[in-house]
Amino acid sequence: MMPRLAIAPSILAADFAALGGAVRAIEQGGAELVHVDVMDGHFVPNISIGIPVVESLRKATRLPLDVHLMIQAPERYVDAFADAGADSLIVHQEGNYHLQRLLASIRHRNLGVGVAINPATPVATLAEVLGEVDVVLVMSVNPGFGGQKFLPGSLGKMRRLHELREREGYKFRIQVDGGVALDTVPDIARAGGEIFVAGTSVFHEPDPAEAVRRLRQSALDALAQRV
């Protein structure tokens with residue numbers, strides 16, 4: 001079973017000419033997930049990677065592939081990403097008029113089910129699906145580009161999700177993506193964040209493996225202080 005606290009390096013920030021080496025480095029650092037940002041240039045203002053890269057990553061690592069679909073009409077691609085080797089799919093609340101149906105289709109493929117919300121989207125919009133997901137991803141930057149500054153307002157969302165989970169008995173984990181670095185990890189951990197998606201703070205460091213270890217230790221230290 002995966003530990004409650006996990007580091008999920010985002011390959012969006014890695015050298016695309018050497019993804020195999022990047023994945024091996026984060027494996028050495030003890031990363032629990034590989035986070036794969038898929039962007040189509042429509043849902044967000046950037047184009048990144050797609051199904052062929054997920055297929056290649058699947059051959060390169062045994063780590064779970066956590067695929068974040070920032071695309072229009074994600075329901076069209078659930079089967080394709082499942083077949084490519086994704087272990088979990090995260091889709092956005094925004095723009096999905098049949099979100100419950102989409103989440104059910106992901107579950108039908110025996111994948112982990114995640115739902116994401118952008119900085120301007122209230123937690124309350126997820127009220128009807130919180131019992132149906134494994135992960136709620138709080139975007140702590142406006143999605144589309146790596147290296148952005150963490151938005152402090154996202155901490156309140158994490159606290160509300162944590163309180164909702166405790167009160168209602170939900171099982172989802174709280175994932176955070178955007179501006180996750182050594183200086184923001186402690187506040188995220190104390191607010192309830194459990195899965196830390198980190199891009200530039202891992203792959204733009206001289207030693208990505210050590211960067212993963214430092215991020216995890218920072219989160220653990222913050223939780224120990226909270227107790």
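Points to keep in mind about this one:
- Residues of the stretch 13-51 that are open to solvent by 40 Å² or more (accessible area, probe 1.4 Å), modelled with pLDDT of 95 or more and aliphatic (A, V, I, L, M): Ile51 alone.
- Residue tally, condition outside any loop (DSSP other than H, G, I, E, B) and either modelled with pLDDT under 95 or of a type in the set (A, V, I, L, M) (or both), over the stretch 100-156: 18
- Conditions (1) under 16 Å from the mean Cα position of the chain (by Cα); (2) of a type outside the set (A, V, I, L, M); (3) surrounded by fewer than 20 Cβ atoms within 10 Å (Cβ to Cβ): number failed by Arg109: (1)
- Residues (open to solvent by less than 20 Å² (accessible area, probe 1.4 Å) and closer than 21 Å to Gly147 by Cβ) located in the stretch 185-200: Val185, Ile188, Gly193, Ile195, Phe196, Val197, Ala198, Gly199
- The set of residues in the stretch 165-176 being exposed (fewer than 14 other Cβ atoms within 10 Å of the Cβ) and either touching a residue at least 12 places away in the same chain (Cβ under 8 Å) or outside any loop (DSSP other than H, G, I, E, B) (or both) consists of Glu166, Arg167, Glu168, Lys171.
- Each residue in the stretch 193-211 was checked for being outside any loop (DSSP other than H, G, I, E, B) and farther than 14 Å from Ala14 by Cβ, and 3 pass.
- Listed by first and then second residue, the pairs with beta-carbon distance under 6 Å, at least 6 apart or on different chains, first residue in the stretch 37-52 and in contact (Cβ under 8 Å) with a residue 24 or more places away in the chain, second aromatic (Phe, Trp, Tyr) and open to solvent by 30 Å² or more (accessible area, probe 1.4 Å), are Asn46/Phe145.
- Evaluated against (1) crowded, with 22+ Cβ neighbours inside 10 Å; (2) more than 24 Å from Ile47 (Cβ to Cβ), His162 falls short on exactly one condition, (1).
- Some residue of the stretch 141-158 being farther than 18 Å from Leu103 by Cβ and among the charged types (D, E, K, R): yes
- Consider the stretch 212-222 and keep the residues that are open to solvent by less than 10 Å² (accessible area, probe 1.4 Å) and modelled with pLDDT of 95 or more. The one that is nearest to Gly21 (Cα to Cα) is Val212.
- Among the residues listed as Leu89, Leu155, the single one being over 26 Å from Thr61 (Cβ atoms) and either of a type in the set (A, V, I, L, M) or surrounded by 18 or more Cβ atoms within 10 Å (Cβ to Cβ) (or both): Leu155
- When residues of the stretch 54-77 are limited to those that are in contact (Cβ under 8 Å) with a residue 40 or more places away in the chain and open to solvent by 20 Å² or more (accessible area, probe 1.4 Å), the one farthest from Val135 (Cα to Cα): Ala60
The values are calculated or read from the model by the stated rules, or taken from the named source; none is laboratory data. Just so you know, these numbers come straight off a predicted model, no measurement behind them. Glycine gets a Cβ as well: all are built from the backbone with ideal geometry, and neighbour counts include every protein chain shown. Accessible surface areas use protein heavy atoms only, side chains included; no ligands, DNA or RNA. Shrake-Rupley method; radii C 1.70, N 1.55, O 1.52, S 1.80 Å.
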